[in-house]
Amino acid sequence: MSIAFPDNIHQAVVKRKAEFLAGRYCAQRALAEIDIEATTLAIGKDRYPEWPESALGSISHSDSRAVAIVSKASDLRGIGIDIEKHINENTIENIQSQILFGTEVDLLSATLLSKQLFFTIVFSLKESFFKSAYPIVQSYFDFDAITVTHINVDTGSIMFTLNCELHNTLQKGRVLHGQFARVDNEHIATFTAIR
């Protein structure tokens, strides 16, 4: 299995090259698991990977971790994954007003999770959802497009609601589900799929 650097990655710093290679390696391994061969995943529009026509996928990396998830295009409309290192208190204070909205602030006060873990899960879930919805929506949207309404620590399930119409299949009020998992003591990963 070989992974070629696109032109814009050739000039990148070593860390960016390593992230690119790790993410593409995970993606190729995941595609092989569903019997889809991809010799290369070019960087397409808006820096998204160009998946084989028969597949959907998502790649994420954080620090020394990389993850990818794929599906046959016939099974889902969108799929997203995100991995994040636990966001520190100082960063939370600086960006909380741009990430948490409405009842999410109340949910933070009521949760048994630490503020750091709760915030990281919500931030990551919103990133995952963006990755799963963007190929459908074909435009950028903000963190306030969805509201996380429930996190079940025992099952790792997350429930969230759309606050606006993003597409005729992603209408305001639609309830969707995601998952989170602890990767290690410092990282969590989230996943969303749109059927």
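The values are calculated or read from the model by the stated rules, or taken from the named source; none is laboratory data. Only a predicted model underlies this, so the values are computations on that prediction, with no experimental measurement involved. A quick note on method: Cβ atoms are made from the backbone with ideal geometry, for glycine too, and the neighbour counts reach across all protein chains shown.
Given the conditions (1) touching a helix residue (DSSP H, G or I) at 6+ places or on another chain (Cβ under 8 Å); (2) under 18 Å from N185 (Cα atoms), and given that E104 satisfies all but one, which numbered condition is not satisfied?
(2)
For the subset of the range 147-194 comprising residues that are within 16 Å of the chain's Cα centre (by Cα) and not in a strand (DSSP E or B), which member is modelled with the lowest pLDDT?
Among those residues, the one meeting the criterion is V183.
Give the range 59-94 a look and list any residue that's free of Cβ contacts under 8 Å to residues at least 60 places away in the same chain and closer than 18 Å to Q179 by Cβ, or say none.
From the range 59-94, those free of Cβ contacts under 8 Å to residues at least 60 places away in the same chain are 59, 61, 64, 66, 68, 70, 72-75, 87-94; that's our starting set.
Across the range 59-94, the qualifying residues are I59, A68, V70, D75.
Of the residues F191, F141, F123, F130, only one is more than 23 Å from A73 (Cβ to Cβ), in contact (Cβ under 8 Å) with a residue 24 or more places away in the chain and surrounded by 14 or more Cβ atoms within 10 Å (Cβ to Cβ); which?
Details: F191 fails: more than 23 Å from A73 (Cβ to Cβ); F141 fails: more than 23 Å from A73 (Cβ to Cβ); F130 fails: more than 23 Å from A73 (Cβ to Cβ).
The unique qualifying residue is F123.
Go through (1) in the same structural domain as K15 (by TED's automatic domain parsing); (2) hydroxyl-bearing (S, T, Y); (3) touching a strand residue (DSSP E or B) at 6+ places or on another chain (Cβ under 9 Å) for T39 and report which single condition fails.
So T39 meets the others, but not (3).
Count, please, the residues in the range 144-160 that happen to be buried (at least 16 other Cβ atoms within 10 Å of the Cβ) and hydroxyl-bearing (S, T, Y). Don't jump to the end; show me each part of the working.
Here is the first cut: in the range 144-160, the ones buried (at least 16 other Cβ atoms within 10 Å of the Cβ) are 145-148, 151, 156, 158, 160.
Cutting the leftovers down to hydroxyl-bearing (S, T, Y) gives us 147.
Qualifying residue count, the range 144-160: 1.
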